[in-house]
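The structure appears right after this line, and notes come after that.
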Amino acid sequence: MKFIFPQNYTFKNKLFGFIDYSVVIINIIWFIIIGGLLHICIQDISIKVIIFILFCFPVFLLSISGIHGENVIYVFIYIFKFSIRQKLFFYAKTDKYR
């Protein structure tokens with residue numbers, strides 16, 4: 001069986017078919033940072049688990065679902081760039097015949 005892919009098709013390697021590897025690496029780094037801070041600061045295991053879930057589960061869900069199929073890292077970069085230099089452009093409609 002042969003599969004024919006169009007020339008403009010870009011194949012992306014993904015973990016389990018739905019998470020980009022770059023997002024997986026960012027998630028693992030985030031989980032390690034949160035887990036390390038909780039290990040240092042809190043002794044009770046039940047509080048550690050609750051706080052870990054509160055900080056890591058939303059990030060994990062966002063990375064799985066994505067925003068309209070866009071890579072989550074790119075979305076954060078776009079949000080960061082927009083927050084640095086916010087510009088609002090208004091274009092007036094011009095009538096050619098006036």
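So which residues in region 11-42 are open to solvent by 100 Å² or more (accessible area, probe 1.4 Å) and of a type in the set (Ser, Thr, Tyr)? Result: TYR21, single match.
Quick check, is ILE45 surrounded by 10 or more Cβ atoms within 10 Å (Cβ to Cβ) and out of contact with any helix residue (DSSP H, G or I) (no Cβ under 7 Å at 6 or more places or on another chain)? Criteria not met by ILE45.
Of all residue pairs spaced 6 or more apart or on separate chains, none has beta-carbon atoms under 8 Å together with a first member in region 58-73 that is at negative phi and among the small types (Gly, Ala, Ser) and a second member that is in a loop (DSSP other than H, G, I, E, B) and open to solvent by less than 70 Å² (accessible area, probe 1.4 Å). Only residues that are of a type outside the set (Asp, Glu), outside any helix (DSSP H, G or I) and more than 17 Å from LEU15 (Cβ to Cβ) were counted in region 44-80, giving 2. Taking the stated definitions as given, is LYS12 basic (Lys, Arg) and either assigned to a strand (DSSP E or B) or at pLDDT below 85 (or both)? Yes: the conditions hold for LYS12.
The values are calculated or read from the model by the stated rules, or taken from the named source; none is laboratory data. A quick note: this is a predicted structure, and the numbers were derived from the prediction, not measured. We place every Cβ from the backbone using ideal geometry, glycine too, and count neighbours over all the protein chains shown. Ligands, DNA and RNA are stripped out before the accessible areas are found, and what is left, the full protein with its side chains, is counted by its heavy atoms. Shrake-Rupley method; radii C 1.70, N 1.55, O 1.52, S 1.80 Å.
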